[in-house]
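**Student:** Quick one: the structure is below, and I'll ask about it shortly.
The values are calculated or read from the model by the stated rules, or taken from the named source; none is laboratory data. Keep in mind that what you see is a predicted model, and the values were worked out from it rather than measured. Please note: Cβ atoms are built from the backbone with ideal geometry, for glycine as well, and neighbour counts cover all protein chains shown.
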Amino acid sequence: MPYLIDGYNLLHALGVLSRRTGPGGLEWARARLLALLHAAHGERSGDVTVVFDAPAARARGKSEAVVRGIHVVFAVQHDEADDLIEQLIRRSAAPRQLTVVSDDRRLQQAARRRKCVALSCAAYLEEREKVRRPSGQKPAVADKADGLPADELRHWLDAFADVRDDPAFKELSDLYRFGQEEEG
């Protein structure tokens, strides 16, 4: 089943972008998210499309990359990623097979109109955890009602702490090295 993911929305849900980031912070966060998604989807990573806002990338021209099989799209020709995600939902040839991941109400409504599966970020993370967790093992209790459990967040942050040095993400990092105008 193909997944269409609102990238920054998922990063916020993970708590990675809960505060202002410094130089290179968004680049680092994107790379970590892509590593997490690759680990979560494995051989099915090619079924995943992640869309990011990209106001600072408009002048660079390139708007797409493939990282470990994951299709990464920067919304260069759109005001925001949500506009592009809505367009991709409308253009889907098999919308009933598409899963849209976002906490954005507008995107969830657009997905439901086309009969896509619409998952909140928390529901998506829970679904991925069920796939990863052995059957019978109980999930951790969340510290916040709408957030990722603290131990789960620590697990993912620790698991992908070294992604910044991973050569598979170097091309993406070099292509979309955003300045401080996008940070924050």
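**Student:** If you take the residues of the stretch 91-113 that are under 16 Å from TYR3 (Cβ atoms), touching a residue at least 12 places away in the same chain (Cβ under 8 Å) and among the charged types (D, E, K, R), which of them is surrounded by the fewest Cβ atoms within 10 Å (Cβ to Cβ)?
**Tutor:** ARG96
**Student:** Any idea how many residues of the stretch 60-98 are polar (S, T, N, Q) and under 18 Å from ASP47 (Cα atoms)?
**Tutor:** 3
**Student:** Could you tell me whether the stretch 23-39 includes any residue that is surrounded by fewer than 22 Cβ atoms within 10 Å (Cβ to Cβ), outside any helix (DSSP H, G or I), at pLDDT below 90 and touching a Leu at 6+ places or on another chain (Cβ under 7 Å)?
**Tutor:** No, the stretch 23-39 contains no residue that is surrounded by fewer than 22 Cβ atoms within 10 Å (Cβ to Cβ), outside any helix (DSSP H, G or I), at pLDDT below 90 and touching a Leu at 6+ places or on another chain (Cβ under 7 Å).
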